[in-house]
Amino acid sequence: MNDSAKYEKIFKKQIQITEEKIQSVFTGIKPSSLYEPCAYIINGGGKRLRPFLVIISAKAAGSSFNKARNAALAVELLHNFTLAHDDIMDNADKRRGRPTAHIKYDENTAILAGDNLLAYAYKYLLNDCKDNDKQVISEITRGLIEVCEGQALDKEFETRKDVSIEEYKVMIYKKTAALAESCCAIGALIAGADVKVKKALSSFGKNIGMAFQIQDDLLDISADEAEFGKMLGGDLMEGKKTYLFLKALEKAEGSDRVDLLKVIENKGIKKSEIKKYKKIYEKLGVFEDAQKEILEYTKKAISGLKVISSIEDKNQLIWLANYLIKRSK
């Protein structure tokens, strides 16, 4: 078995352990009117990347995967709390191929279930807190505040015509990267890491979070549709100001710029127009621009890992960073 296969096997095994724990969280708890929707939300699948960031950070900081299992579950509960509420705000009908919670049940039930997921996140986090509980709770709270601010900026951008790439980066840091940063910091704190190691792991989480979101933007328009699992061009159809769209707008002239401004004016495009806009992106070279950004953030993530003493754990983190930028969905 080569090193890449070895690290992938470890990753998949730890994700499976996390998945089994997630599936059992709300089993057999009453009232079912609350806990059935909670289970529905949390059991909807997903990459389970954030829990892995917690446990691999704990291990890389000198502890073990098992030391931070409850904290790992906590961040996944918190993440799903944000998704349940985002879906209501975005009027989303589906998530991961299933009806969203507010469609399957109703809006009030989904809000309450989301609130309960947040409460359970703190409950499980406290199970792994010891002497440094204030720092750990402070870190997850900071991550949650950043996510809320990021969602607010994302909604604000929908009606703005002058969003810059730097503003976009602030938004994706808050909405995506800050929680990944917190995941790594929490794992490090639970393991009792020193300041240098915690800082390195936090930086790793932040930078792969940034790379992850820009990769998401890229895949939405350039992925293989069969592998991606959903229709391409959704961001353009919704008029979202992604990295690719903003970079294209920055570079475009003449008729291309006119067409891009129409996306803002019309708050999106028709399905039949996706190919046209993909060609504009290709002509302007924004796919390559996005790939450069993704690679730059990945390099930043890896460069800080010199302080990690375990070669195996360092290599697992490097594998993860490279695995994420090669994903197809």
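Projecting the Cα atoms of Ser33, Gln23, Asn43 onto the dipole axis of the range 1-45, where Lys and Arg carry +1 and Asp and Glu carry -1 at the beta carbon, places Gln23 farthest toward the positive end. Think of it as helices only: each DSSP H run of n ≥ 4 in the chain is worth -39500 (n - 2.57), and spread over all residues that comes to -23500 deg cm²/dmol at 222 nm. Considering the range 176-316 at the alpha-carbon level, its Rg and Dmax are found to be 18.6, 57 Å. Computed on the Cα atoms alone, the convex hull of the range 110-250 gives a volume of 141 cubic angstrom per residue. In the chain, taking the dipole from charged Cβ atoms about the Cα centre, the farthest positive-side position among Phe287, Cys148, Ala101 is held by Phe287. GNM remark for the chain: springs join alpha carbons under 10 Å apart, and the peak mean-square fluctuation among Lys278, Lys241, Lys174 falls on Lys278.
The range 104-168 and the range 218-265 have Cα centres spaced 27 Å apart. List every residue whose amide H lies under 5 Å from the amide H of Glu238, counting only residues 5 or more places away in sequence or on a different chain, with H placed 1.01 Å from N in the peptide plane. Under 5 Å from the amide H of Glu238: Ile269.
Taken about its Cα centre, the range 163-255 carries a charge dipole of about 560 debye when Lys and Arg each add +1 at the Cβ and Asp and Glu each add -1 at the Cβ.
Each 5 Å bin, from zero up to the one with the longest distance, holds this percent of the alpha carbon pairs of the range 1-86: 3, 14, 23, 22, 17, 11, 7, 3, 1, 0.
Working note: Cα atoms of the chain, range along each principal axis, descending, whole Å: 61, 49, 37. Across all C-alpha atoms in the range 42-116, the radius of gyration and Dmax reach 14.6, 45 Å.
Suppose R0 equals 56 Å; then what is the FRET efficiency for Asp259 and Lys130 from their Cβ-Cβ distance, rounded to the nearest 0.05?
0.45
Just checking the listed ones, Val263, Val195, Val75: in the Gaussian network model of the chain with Cα springs under 10 Å, the one fluctuating most is Val195. Measuring r between the beta carbons of Ser303 and Ile29 and using R0 = 45 Å, the FRET efficiency lands at 0.50. Only Lys, Arg, Asp and Glu carry charge here, each on its Cβ (+1 for the first two, -1 for the last two); on that basis the chain has a dipole of about 780 debye about its Cα centre. Candidates Ala188, Leu53, Ser64 compared by Cα position along the dipole of the chain: farthest toward the positive end lies Ser64, with charges placed on Cβ.
Scanning the chain for long hydrophobic helices, with DSSP H runs required to stretch 20 angstrom or more by C-alpha along their axis and to average at least -0.5 on the Kyte-Doolittle scale, returns 69-89, 107-128, 133-157, 195-222, 286-303, 311-325. The mean of 1/r over all pairs of different alpha-carbon atoms in the range 114-185, once inverted, gives a Kirkwood hydrodynamic radius of 13.4 Å.
For the listed peptides 28-39, 56-67, 204-215, a ranking on the average number of other beta carbons within 10 Å per residue, highest first, reads 204-215, 56-67, 28-39. For the pair the range 188-205 and the range 5-82, the centres of their Cα atoms are 20 angstrom apart.
Each reported figure results from applying straightforward, stated rules to the coordinates on display, with no laboratory input. Being a predicted model, the structure only gives us computed values, none of them experimental. We place every Cβ from the backbone using ideal geometry, glycine too, and count neighbours over all the protein chains shown.
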